[in-house]
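A.B. asks: Input: one structure, supplied below.
The values are calculated or read from the model by the stated rules, or taken from the named source; none is laboratory data. Because the structure is predicted, anything quoted here is derived from the model rather than measured. Cβ sites come from the backbone with ideal geometry, for glycine too, and all protein chains shown count toward neighbours. Each accessible area value is taken on the protein alone, full model and side chains, heavy atoms only, with ligands, DNA and RNA left out. Shrake-Rupley method; radii C 1.70, N 1.55, O 1.52, S 1.80 Å.
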Amino acid sequence: MSTTHSGIRVSGPEGYHEKMFNLVGDRNPLELLAQTASTLDDIVGRYSAMILRRRPFEGKWTPNEVIGHLTDSEWVYGYRLRLILCEDGPAIFGTNQDLWVAALQHNEREPSELVGIFRTLRQFNLAVWRRTPLEDLQRIGQHNERGPESLGVMLRLLAGHDLSHVTQITRYAEAVRQQE
């Protein structure tokens, strides 16, 4: 069993899938994905950049780093979507999210800039998701850590990932605010 930066306790890929799927529930993943950029805008409007750049807990990301992680994830998932749509059973690889967040210096970026980049990537990717025929949601990629993963599963994972991290950003920003 391991713990992710969002504090989610998971046991292998099945635990991660279950947690993300439970967050989505019966809701339409595409509708959830379409709301995330506006939700992030609201968060950035509610909290100062100073609060979003402060580390709420030792060893955890700042709220701004979580926004940067969502931006990275949108780029990665967009690539995976296209790869699986265009190739038969391609290999898809996980990333070392901690290295990406550190190397890309997300905490040095303006929160509104990160949200703008996220919004652009999300709109671009949502256009592809919405044009994807239902039968293509069965297309599979071979994830190096989680095994075979269909586009349908990937779509639900991405929606759950959004929900998990949006909650985390707000929780972390409130923790920072209370420390002041």
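A.B. asks: With labels modelled as points extended 7 Å from the Cα through the Cβ direction, what inter-label distance (nm, one decimal) is found for T167 paired with E145?
C.D. replies: 2.0
A.B. asks: Relative to the present Cα-Cα distance, how much length would full extension add between N96 and Q35 at 0.36 nm per residue of separation? Please list the in-between numbers first.
C.D. replies: Numbers: separation 61, 0.36 × 61 = 21.96 nm, distance 2.63 nm.
Length difference between fully extended and current span is 19.3 nm.
A.B. asks: With a 1.4 Å probe and every protein chain kept in, tell me what percent of the accessible surface of the chain is carbon plus sulfur. It would help to have the intermediate numbers written out before the result.
C.D. replies: On the way: 4720 of 9070 Å².
Carbon-and-sulfur percentage of accessible area, whole number: 52.
A.B. asks: Counting each DSSP H run of 4 or more residues in the chain as -39500 (n - 2.57), what helix-only mean residue ellipticity at 222 nm follows after dividing by all residues, to the nearest 500 deg cm²/dmol?
C.D. replies: Counting only the DSSP helices, I get -21500 deg cm²/dmol.
A.B. asks: For F21 paired with E87, estimate the spin-label separation in nm (one decimal), with each label point 7 Å from Cα along the Cα-to-Cβ line.
C.D. replies: 2.7
A.B. asks: Hey, another quick one. Nearest 5 is fine: what % of DSSP beta bridges in the chain come out antiparallel, could you say?
C.D. replies: 75
A.B. asks: With the contact rule set at Cα under 8 Å and sequence spacing of 6 or more, what percent relative contact order holds for the chain?
C.D. replies: Working: 201 pairs, mean separation 66.3, N = 180.
Taking the mean separation of contacting Cα pairs over the length of the chain, I get 37 percent.
A.B. asks: Also: Please identify every one of the GluC sites (Glu not before Pro) in the range 49-112 that sits in a loop by DSSP and has no more than 15 other beta carbons within 10 Å of its own beta carbon. Mind dumping the intermediate values first?
C.D. replies: Details: sites: E58, E65, E74, E87, E108; in loops: E58, E87.
Here the sparse-neighbourhood loop sites are E58, E87.
A.B. asks: If you don't mind, there's one more thing I want to ask. Putting +1 on Lys and Arg Cβ atoms and -1 on Asp and Glu Cβ atoms, find which of I140, H17, S38 reaches farthest to the positive end of the dipole of the range 1-141.
C.D. replies: Working it through, the farthest residue towards the positive pole turns out to be S38.
A.B. asks: Expressed as an acute angle from 0 to 90° and rounded to the nearest 10, what is the orientation of the C-alpha long axis of helix 29-46 relative to the principal long axis of the chain?
C.D. replies: 10
A.B. asks: Run the simple label-point estimate for E14 and K60 please: 7 Å along Cα→C-beta, distance reported in nm.
C.D. replies: Each label point lies 7 Å from its Cα, and together they span 2.9 nm.
A.B. asks: Which chymotrypsin sites (Phe, Trp or Tyr not before Pro) does the range 86-180 hold that lie in a coil by DSSP with at most 16 other beta carbons within 10 Å? List each step's numbers first, then the result.
C.D. replies: Working: sites: F93, W100, F118, F124, W129, Y172; in loops: F93.
Filter output for the range 86-180: F93.
A.B. asks: With just the Cα atoms defining each centre, how far is the range 93-155 from the range 19-88? Give it in Å.
C.D. replies: If we compute the Cα centre of each part, the gap is 9 Å.
A.B. asks: Any idea what the dipole of the range 1-153 comes to, in debye rounded to 20, about its Cα centre with Lys/Arg Cβ at +1 and Asp/Glu Cβ at -1? Provide the component values of the computation, followed by the final result.
C.D. replies: Values: 17 positive and 20 negative charges, 62 e Å.
Roughly 300 debye, rounded to the nearest 20.
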